[in-house]
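> Below are the structure tokens for one structure; questions will follow.
Every number here is computed from the coordinates shown, using simple stated rules; none is lab data. Here the structure is a predicted model, which is why all the values come from computation and not from measurement. Ideal geometry is used to build each Cβ from the backbone, glycine not excepted, and the neighbour counts take in all protein chains shown.
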Amino acid sequence: MSVPPRELDRRHFMGLSASAAAAACGSTSGLAGETRRSLSPEPRRLRTRPVLVGSGNCLPGMKAAFPRLVAGEAPLDVAIDVVKVVEADPEDRSVGLGGHPNEDGVVQLDAAVMDGATHNSGAVAAIENILHPSEVARLVMERTDHCMIVGRGAYEFARAHGHEHVELLTPQTRRIWLRWKETLSERDDRFPPPSAEDSKQASRSRREAELLAQADAILAERPTGTIHCSALSVAGEVACTTTTSGLSWKIPGRVGDSPIVGAGLYCDAEAGSAGATGRGEAAILSAGSHAVTELLRGGASPLEAGLEVLRRVTRQARRAAAWQPGLVDEAGVPTFGLNFYVLGLDGGCAGVTLRGGGEYAVAEPDGGVRLEQLVALHEA
Ligand code: GLY
């Protein structure tokens, strides 16, 4: 079988330019300089460089919360506070308030937290009308014997713990969803909505025309999003969280990777931490975050671990394309997006993506809080 072109294969990868290797954060995360850690069963308790790594939309939350990690706060407290900024932001349409709804126009959220020190986790899935599912996931971890609560049960659980009922569909996301619904088929009874241009000519407000144009731009691609944050404390403990409104216009009740331990996030005090954003089904089918963390445990650098799992995802997608055409292009490159954010116990970290560009967020004492380019496995 011929090797599909355009893939950054292992040989090519080992020859990565210094700039690509340098895109991974942390002074000890380079490829050649990585030393293998012993497979000691004892969690490390060393004082270390505090580091946060996550999706690009973590940046505002990291700016606010990183000083607390530096001051010695627990990594889970800090990671949750990073993602809560975006859960409450109506302008981020991939998470929490203002997230794109399901096909019925209902915003259903998924979230999980994991604590490396206790090796415990909690999650909620398809939860509605709760602003901070990451906090509810933490309550599942700390106040129950369970790992996940879904749907109505998750909502009632959150309400019992004092979370308010909140309408998460904003006027703008309702408008975009309605436009999606009205343009879905020519064989239903809904008339297509006026175009942005028609609206201008009908002398609707300029704002209205702008919103329609914005909606059309969003609908041109099926929007995905999500936020993940992994944290390493000064005590050398890792924790992480992932929270999302999931795939836009999803079938009601669909659950992605974000609340699934091992798929959308994973951490282990003996190995490191990882999380995913992008096509949830690919992260689930590859057990992606767990796979990345296991490679860290075996001594891979964060960059190497992330890219290796993306290689697996690519091979898996090629096989799946036999029954799901469109999953890969003619060159065998996945057509979907998937990113991993990876954090080693030494504070080295990386952000990797299947193809194309994009950025991830990093906070570290020596480098500040900043965005870095994701390292892509395949050329765009
Ligand atoms: N990665 C988010 C989702 O697929 O729901």
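> Sequence gap at least 6, Cα distance under 8 Å: using those rules, report the relative contact order of segment 252-326 to the nearest whole percent.
It rounds to 25 percent for segment 252-326.
> Would you list which aspartates and glutamates come within 15 Å of LYS250, measuring only between C-alpha atoms, while excluding same-chain residues fewer than 8 positions from it?
Correct list for LYS250: GLU103, ASP104, ASP110, GLU128, GLU221, GLU281.
> Another question, if that's okay. Summing Lys, Arg as +1 and Asp, Glu as -1, what charge do residues with Cβ under 9 Å from the Cβ of LEU295 carry, LEU295 excluded? Mind showing how you got there, number by number?
Working: positive: ARG297; negative: GLU294, GLU304, GLU308.
Around LEU295, the charge tally is -2.
> Further question on the same structure: Amide H to amide H under 5 Å from LEU338: which residues, 5+ apart in sequence or cross-chain, H placed 1.01 Å off N in plane?
ARG279, LEU354, ARG355
> Taking θ as phi - 60°, what are the ³J(HN,Hα) couplings along segment 49-58 by the Karplus curve (6.51, -1.76, 1.60), each to the nearest whole Hz, with x for Gly and Pro?
Calculated HN-Hα couplings, in order: 6, x, 9, 10, 9, x, 5, x, 6, 6 Hz.
> To continue, here is another question. Using Cβ counts within 10 Å as a stand-in for footprinting exposure, how do THR224, THR173 rank, fewest first?
Numbers: THR224 20, THR173 23.
By the 10 Å Cβ count, ascending: THR224, THR173.
> Averaged over every viewing direction, what's the projected area of the C-alpha convex hull for segment 330-380? Give it in nm², one decimal, please.
Details: hull surface 15.6 nm².
The orientation-averaged projected area of the Cα hull of segment 330-380 comes to 3.9 nm².
> With a sphere of radius 13 Å drawn around the Cβ of PHE66, what net charge do the other residues whose Cβ falls strictly inside it have (Lys, Arg +1; Asp, Glu -1)?
Working: positive: ARG49, LYS63, ARG68, ARG370; negative: GLU73, ASP77, ASP81, GLU364, ASP366.
Residues close to PHE66 contribute a combined charge of -1.
> Now, a different point. For segment 201-297, compute the orientation-averaged projected area of the C-alpha convex hull (one quarter of its surface), in nm². All intermediate terms of the calculation are to be shown ahead of the outcome.
Details: hull surface 35.8 nm².
That works out to 9.0 nm², a quarter of the Cα hull's surface.
> Further question on the same structure: Could you put VAL51, VAL107 in order, starting from the residue whose Cβ has the fewest other Cβ atoms within 10 Å? Mind dumping the intermediate values first?
Working: VAL51 28, VAL107 25.
Taking fewest neighbouring Cβ atoms as first place, the list is VAL107, VAL51.
> Now for a separate question. Are there trypsin sites (Lys or Arg not before Pro) in segment 46-129 that DSSP marks as loop and that have at most 16 other Cβ atoms within 10 Å, and which are they?
Details: sites: ARG47, LYS63, ARG68, LYS84, ARG93; in loops: ARG47, ARG93.
Loop-located and lightly packed - ARG47.
> Can I ask one more? Compute the signed sum of charges (Lys and Arg +1, Asp and Glu -1) over the other residues within less than 15 Å, Cβ to Cβ, of PRO325.
Here the count lands on 0.
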